[in-house]
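K.L.:
Structure in C-alpha cells, see below.
A short reminder: the numbers here are calculations on the coordinates, not readings from a lab. Quick caveat, the model's predicted, so the values are computed rather than measured. A quick note on method: Cβ atoms are made from the backbone with ideal geometry, for glycine too, and the neighbour counts reach across all protein chains shown.
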Amino acid sequence: DAKTTQPNSMESNEEEPVHLPCNHSTISGTDYIHWYRQLPSQGPEYVIHGLTSNVNNRMASLAIAEDRKSSTLILHRATLRDAAVYYCILRDEGGSQGNLIFGKGTKLSVKP
Amino acid sequence: NAGVTQTPKFHILKIGQSMTLQCTQDMNHNYMYWYRQDPGMGLKLIYYSVGAGITDKGEVPNGYNVSRSTTEDFPLRLELAAPSQTSVYFCASSYPREQAFFGQGTRLTVV
C-alpha cells in the first residue's frame, strides 16, 4: 500500500483556519485520498475524500496538488471540538481490495 | 439506524483464555474491518472482509481469527489470549469506494 507522511502534531488557535498537510509521493492512479479524524476516546470518523479535484463538504475542504503527491486538509474555522488526531489515508479503489490502512496521523491541538 | 455496534464495551480476560468480540452493522455494507489501537498509537488493521464468506489478513493478524457468515456480522476471535493483546479494538464497515463507519470500540485487558 502506498504510504503517507504527516507531521506528528500541530497547534491552532480557535476560530482560525488550519491547514493539515499530507505527503504521498508514491500514490497510484487508482488511490483515493481519504481523511479521518479520531476524537479522544472515540472511534475514527470520516472527514472527506477525493481523487484529483479539490473537494468541499460541511466539515472541511481537501486541496489536492496537481501531481497528486501531496494534499492538504483545511478546517476553515477551528473549534475546540476539532482537537483530534487526523489521519490521511490512501485507499486503492481500482479493484475489489477493501483494506483501509491508517498511519500515525497528526495530533491537532486547538487553543482558546 | 444503529450503525456499527460492538460488544462488549469493556472486558478483562485472563492469559490463555479465549473470547469473541462481536461486531454487527445494519447498513448492508459489503466491507467490514477489525482494527486494534494500542495506547498512544494509531490503528492497525487485523482482518478485513469484502463480503460474506470472504476474509483476508491485514497488518497484524497473528493471534486472531475471523469469520463472515452473514453480511451483518463480523466476529473477531481471540485464542489463547496474551498480555500483548491488551488494546482497544475497533470494528468498521463501508460500501466499496465510500466512507467507513466505525464502532465505539471494545477495551480489552488481558491479565
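K.L.:
Can you tell me the dipole magnitude for chain B around its Cα centre, using point charges on the Cβ only (Lys, Arg +1; Asp, Glu -1), in Debye to the nearest 20? Walk me through the numbers on the way to the answer.
P.N.:
Values: 9 positive and 8 negative charges, 52 e Å.
With only Lys, Arg, Asp and Glu charged at Cβ, the dipole is about 240 debye.
K.L.:
Relative contact order for chain B: what is it in percent, counting Cα pairs under 8 Å that are at least 6 residues apart? Display every interim value, and only then the final one.
P.N.:
Values: 289 pairs, mean separation 39.6, N = 111.
Averaging sequence separation for qualifying contacts and normalising by length gives 36 percent for chain B.
K.L.:
Can you give the mean number of other chain Cβ atoms that lie within 10 Å of the Cβ atoms in peptide B:94-105?
P.N.:
On the way: counts 4, 1, 6, 7, 3, 8, 10, 4, 7, 1, 3, 4.
Averaged over the peptide's residues, the number is 5.
K.L.:
Return the ratio Rg/(2.2 N^0.38 Å) for the protein assembly as shown, where Rg is computed over Cα atoms only. Could the numbers behind the result be given before it?
P.N.:
Numbers: Rg = 17.6 Å, N = 223, 2.2 N^0.38 = 17.2 Å.
Taking the Cα Rg and dividing by 2.2 N^0.38 Å, one obtains 1.03.
K.L.:
Determine the equivalent ellipsoid of chain B by diagonalising the alpha-carbon gyration tensor, then write out the semi-axes as square roots of 5 times the eigenvalues, largest first, rounded to whole Å.
P.N.:
Numbers: eigenvalues 99, 38, 33 Å².
They are 22, 14, 13 Å, listed largest first.
K.L.:
Out of the DSSP beta bridges found with both residues in the protein assembly as shown, what percent are antiparallel (nearest 5)?
P.N.:
On the way: 61 of 70 bridges.
If we restrict to bridges inside the protein assembly as shown, about 85 percent are antiparallel.
K.L.:
Additional query: Work out the mean other chain Cβ neighbour count within 10 Å for the residues of A:101-108 and drop it here as an integer. Walk me through the intermediate numbers first.
P.N.:
Details: counts 8, 8, 2, 3, 3, 0, 1, 0.
Mean partner shielding for this stretch: 3.
K.L.:
Where the only charges are on Cβ atoms (+1 Lys, Arg; -1 Asp, Glu), what is the dipole of chain A about its Cα centre, to the nearest 20 debye? Don't jump to the answer; show the numbers that get you there.
P.N.:
Details: 11 positive and 12 negative charges, 38 e Å.
Result for chain A is approximately 180 debye, rounded to the nearest 20.
K.L.:
Which of the lysines could be linked to A:Lys3 by a straight reach, that is with a Cα gap under 23 Å, when you skip same-chain ones fewer than 8 residues away?
P.N.:
Those lysines meeting the cut-off are A:Lys69, A:Lys104, A:Lys107, B:Lys44, B:Lys57.
K.L.:
Taking 8 Å as the Cα distance limit and 6 or more residues as the minimum spacing, I'd like the relative contact order of chain A as a percentage. Show your work: numbers first, answer last.
P.N.:
Values: 272 pairs, mean separation 41.4, N = 112.
In percent, rounded to a whole number, it is 37.
K.L.:
Moving on. Tally Lys and Arg at +1 and Asp and Glu at -1 over the other residues with C-beta under 12 Å from the C-beta of A:His76: what net charge comes out? Don't skip to the answer; put the middle values down first.
P.N.:
Values: positive: A:Arg58, A:Arg77; negative: A:Glu15, A:Glu16, A:Asp82.
Net charge around A:His76: -1.
K.L.:
Mind checking A:38-48 for the average number of partner chain beta-carbons within 10 Å of each residue's beta-carbon? Display every interim value, and only then the final one.
P.N.:
Details: counts 5, 0, 0, 4, 4, 15, 10, 4, 7, 1, 1.
For this peptide, the per-residue mean of nearby foreign Cβ atoms is 5.
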